[in-house]
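Undergrad: Have a look at the structure that comes next, please.
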Amino acid sequence: MVVYKALSQLPKTMPPFTSVNLRGKKITEEEVAQLKKQFRLTTLDLGETLTGDAGVASLKDLAALQTLFLDRTQITDKVFE
């Protein structure tokens with residue numbers, strides 16, 4: 001298992017992955033937006049982060065995403081409208 005301190009540290013060319021756990025990490029909305037390239041992503045945990053509406057909205061095209069944890073975040077109901 002490879003652990004990165006920030007999404008910005010991920011290599012430019014990387015095979016798609018299916019699960020990402022960022023719970024409690026200090027990540028920016030820009031870093032969350034980088035995940036939109038991961039078209040095979042099925043599970044994403046953003047719980048206990050400072051992620052807001054813009055970060056989550058950037059993931060709207062992830063068709064394979066089945067499970068998304070958003071507890072204790074800055075996300076409002078507006079992102080789901």
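What follows draws every value from the coordinates through simple rules; no lab data is involved. Bear in mind that the values here come from a model prediction, so they are computed numbers and not experimental data.
Undergrad: Taking 0.36 nm per intervening residue step and subtracting the Cα-Cα distance, what contour gain separates ALA54 from GLN66 on full extension?
TA: 2.4 nm
Undergrad: In nm, what is the difference between 0.36 nm times the number of residues separating THR76 and THR42 and their Cα-Cα distance?
TA: Numbers: separation 34, 0.36 × 34 = 12.24 nm, distance 2.20 nm.
Going from the current span to full extension adds 10.0 nm.
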